[in-house]
1. Could you grab me the full set of residues in segment 21-31 that are of a type in the set (S, T, N, Q) and either in contact with a strand residue (DSSP E or B) (Cβ under 7 Å, 6 or more places away or on another chain) or under 17 Å from Pro101 (Cβ atoms) (or both)?
2. Give me the residue from segment 63-82 that is over 10 Å from Leu20 (Cα atoms) and of a type in the set (S, T, N, Q) and, out of that set, surrounded by the fewest Cβ atoms within 10 Å (Cβ to Cβ).
3. Every residue in segment 69-115 that is β-branched (Val, Ile, Thr) and at pLDDT 95 or above, please.
4. Could you list all residues from segment 1-22 that are modelled with pLDDT of 95 or more and touching a helix residue (DSSP H, G or I) at 6+ places or on another chain (Cβ under 8 Å)?
5. Restrict the check to segment 10-21 and report whether at least one residue is in a loop (DSSP other than H, G, I, E, B) and under 13 Å from Gly108 (Cα atoms).
6. Looking only at residues in segment 32-69 that are outside any strand (DSSP E or B) and of a type in the set (Ser, Thr, Tyr), which one is farthest from Ile102 (Cα to Cα)?
7. Please enumerate the residues belonging to segment 8-50 that are open to solvent by less than 70 Å² (accessible area, probe 1.4 Å) and within 10 Å of the chain's Cα centre (by Cα).
8. Any idea how many residues of segment 84-115 are hydroxyl-bearing (Ser, Thr, Tyr), farther than 24 Å from Ile31 by Cα and open to solvent by 40 Å² or more (accessible area, probe 1.4 Å)?
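The values are calculated or read from the model by the stated rules, or taken from the named source; none is laboratory data. What you see is a predicted model; the values in this text were computed from it and never measured. Using ideal geometry, Cβ is built from the backbone for each residue, glycine included, and neighbour counts are taken over all protein chains shown. For the accessible areas, the whole protein counts, side chains as well, though only heavy atoms, and no ligand, DNA or RNA atoms are used. Shrake-Rupley method; radii C 1.70, N 1.55, O 1.52, S 1.80 Å.
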Amino acid sequence: QVQLVESGGGLVQPGGSLRLSCSAPGSIFSIYDMGWYRQAPGKQRELVAVITNLRNTNYADSVKGRFTISRDNPKNMVYLQMNSLKVEDTAVYYCNAYLRPIAYWGQGTQVTVSS
């Protein structure tokens, strides 16, 4: 059983910052693409950002310029630095590890942006 563990969510005011972290087993981390997804109430889960095992990155248009995904392979960690947060960024954020056709998910961490 592969377990991804997220941390770093919380309540922040609009314009603030948070950093999400996700740990993954070393057995998969170096070869899997890692990503962050989010799901707001009443909405479908959507891709936020992805970083491949070669460190290529891709972002949803809604977060470009505000969010940064990174990975630390020796520590088996992936991060999502979120700046200039908006109310519409409120969601449960999920860590994802993907190597076709296999995908693993974390349990999610709540991010709430509110004044």
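1. Ser21, Ser23
2. Filtering first and then ranking leaves Asn73.
3. Result: Ile69, Val78, Val87, Thr90, Val92, Thr109, Val111, Thr112, Val113.
4. Answer for segment 1-22, where residues must be modelled with pLDDT of 95 or more and touching a helix residue (DSSP H, G or I) at 6+ places or on another chain (Cβ under 8 Å): just Pro14.
5. No, there is no match, as no residue in segment 10-21 is in a loop (DSSP other than H, G, I, E, B) and under 13 Å from Gly108 (Cα atoms).
6. Among those residues, the one meeting the criterion is Ser62.
7. Leu20, Ser21, Cys22, Met34, Gly35, Trp36, Tyr37, Arg38, Leu47, Val48, Ala49, Val50
8. 4
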